[in-house]
Amino acid sequence: FDLIKNIPKGSSIIVGHAYGSPISHNGFISKNLESFIKQNKEQIETIFFTGDVFHSPTDKNWNDLYYILGENIKLIVAPGNHDVGSRKSREIFNKSIKHSLNFPFSINIKNRNILVEDSVSNKWVISSDLKKKLNENSGNLPTILLRHNVPSNEFINIANSKYGLEKKLPSFKELSDQIKNETIIISGDGGAFNYLPRFFCQKKNNLTFILNGLGDLNGDMILVLVDND
């Protein structure tokens, strides 16, 4: 991975835990993230949020976010527990989101196949049907799976919380044995506290796992998806 400070035009960004600090959040997205989006509106084509967009979602939050994004930035959300963890928050999410709610769904960005999952509904577990979809990829580039929760048991202790985890997760080795095609799983339930890594990556066989998220802390970072050229 390259660390960059300037965002190339036409980029897509991937942001976990967008509201930032659980302790000192402002009720909206992180101030640093808001400033970043405003400064780079001409460069960003798509924003992917990998869950926990707001600490306590409201209609106003979503309307204000769309106002900041404007007409030219597309918003895609893989929901987290703060987004859909209660009946009220899911109702707000469902009427606010402008893309498909038929998770998991697939989109193509920069010739990359991206799958967007609701891991809250799945109790963190990657379903057999989703694994089948991942193994059907025939492209030259890896499939990117965007979700909120970590997918295997080794990573539970570096996640922000254990909310909604009801089933035993497979090991990373088991998961890498089951997903044969080259795949990158990106989870956004990380980085909220200073004792958690700002960015974590592990690879086994054809499977790469990335965890990150914002905590309004030094070293916070987002992921940038640029042209493969």
Inset, instruction - Considering every residue within segment 121-143, establish whether at least one is within 21 Å of residue 65 (Cβ to Cβ) and open to solvent by less than 20 Å² (accessible area, probe 1.4 Å). - result: no
Inset, instruction - Name every residue in segment 178-205 that is over 30 Å from residue 216 (Cα atoms) and open to solvent by 60 Å² or more (accessible area, probe 1.4 Å), in order of residue number. - result: 178, 180, 182, 204, 205
Inset, instruction - Can you confirm whether segment 73-83 contains a residue that is over 15 Å from the mean Cα position of the chain (by Cα) and surrounded by 15 or more Cβ atoms within 10 Å (Cβ to Cβ)? - result: yes
Legend entry - Residues of segment 187-225 satisfying the condition of being more than 16 Å from the chain's Cα centre (by Cα) and more than 27 Å from residue 28 (Cβ to Cβ): 202, 203, 204, 205, 206, 207
Inset, instruction - Hey, could you check segment 31-50 for residues that are assigned to a helix (DSSP H, G or I) and out of contact with any helix residue (DSSP H, G or I) (no Cβ under 8 Å at 6 or more places or on another chain) and say which is least open to solvent (accessible area, probe 1.4 Å)? - result: 33
Inset, instruction - Any chance you could count how many residues in segment 1-50 are among the polar types (S, T, N, Q) and touching a strand residue (DSSP E or B) at 6+ places or on another chain (Cβ under 7 Å)? - result: 5
Inset, instruction - Can you confirm whether segment 1-11 contains a residue that is in a loop (DSSP other than H, G, I, E, B), closer than 18 Å to residue 145 by Cα and open to solvent by 40 Å² or more (accessible area, probe 1.4 Å)? - result: yes
Legend entry - Cβ-Cβ under 6 Å pairs, at least 6 apart or on other chains, segment 31-58 side within 10 Å of residue 18 (Cβ to Cβ) and of a type in the set (Phe, Trp, Tyr), far side part of a strand (DSSP E or B) and open to solvent by less than 50 Å² (accessible area, probe 1.4 Å): 49/15; 49/77
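The values are calculated or read from the model by the stated rules, or taken from the named source; none is laboratory data. All of these numbers come straight from a predicted model, not from anything done at the bench. Because the Cβ atoms are built from the backbone with ideal geometry, glycine has one as well, and the counts that use them run over all protein chains shown. The accessibility values were calculated without ligands, DNA or RNA, using every heavy atom of the protein model including side chains. Shrake-Rupley method; radii C 1.70, N 1.55, O 1.52, S 1.80 Å.
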